[in-house]
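Here's the structure, in structure tokens; my notes come after.
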Amino acid sequence: MSRSSIRDAIRGLELAGLVEPRQGAGTIVREVSAGSVVHPFVNALQRRKELVSELLDFRKMLEPPLAARAATHASPEEIIEMEGILRRQEEKQRAGEAAIAEDTEFHYSVALASDNSVVLKVLDILMDLLRDTRERSLQVEGRGQKSLAGHRRILAAIKNHDGEAAKAAMRRHIEDVEEILLDGSDQG
């Protein structure tokens, strides 16, 4: 069985409230309460919202400084690659498709341009955890255009070698995603 299959299964158990990750102890089985048996979907939805909130919070800690670093470290070739990703993202949107792969690729390219191999390992894990939320958020009407506009602001700051502007643009972009995912999840 692959690691990603095991991670997905454990994530499903975590979302159902049956297991819990603990620092230094790994993943442990939670004590099952009567409420969690009676309302498993309510508990799973609540836990999912908490997990999404934590992931977005982590992104706000990690990605804005990465964008700032990319602004000072990006090579001309890396900038050209980012421009190509955004062109493909725009083409897919015009065709009415969700540009999920391009969205992921853009964020990964910013991390690559930051020139830190450890960050890439962390981002690999983060991108795997974000797969579901990215797919859901990019299906929301208008989200794809908002994502592309955010990516363009980030890239413009990187091209201008303006670390502070890149940092602010990335933070704003993640806050836009947060608004769509967390505010929209209350509505059903």
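Could you tell me whether the stretch 136-143 includes any residue that is hydrophobic (A, V, I, L, M, F, W, C), surrounded by fewer than 16 Cβ atoms within 10 Å (Cβ to Cβ) and at pLDDT below 80? The answer is yes; a qualifying residue exists. Put simply, of Leu182, Leu130 the only residue that is surrounded by 19 or more Cβ atoms within 10 Å (Cβ to Cβ), assigned to a helix (DSSP H, G or I) and modelled with pLDDT under 80 is Leu130.
Would you check if Ala44 is among the aliphatic types (A, V, I, L, M), part of a helix (DSSP H, G or I), at pLDDT 95 or above and farther than 14 Å from Leu148 by Cβ? No. Counting only residues that are in contact (Cβ under 8 Å) with a residue 40 or more places away in the chain and either of a type in the set (A, V, I, L, M) or in contact with a helix residue (DSSP H, G or I) (Cβ under 6 Å, 6 or more places away or on another chain) (or both), which one in the stretch 74-84 is surrounded by the fewest Cβ atoms within 10 Å (Cβ to Cβ)? My answer is Ile79.
Taken over the stretch 76-89, the criterion of being within 19 Å of the chain's Cα centre (by Cα) and acidic (Asp, Glu) is satisfied by no residue.
The values are calculated or read from the model by the stated rules, or taken from the named source; none is laboratory data. Since the model is a prediction, treat every value here as computed from it, not as a measurement. Backbone-built Cβ (ideal geometry, glycine too); neighbour counts: all protein chains shown.
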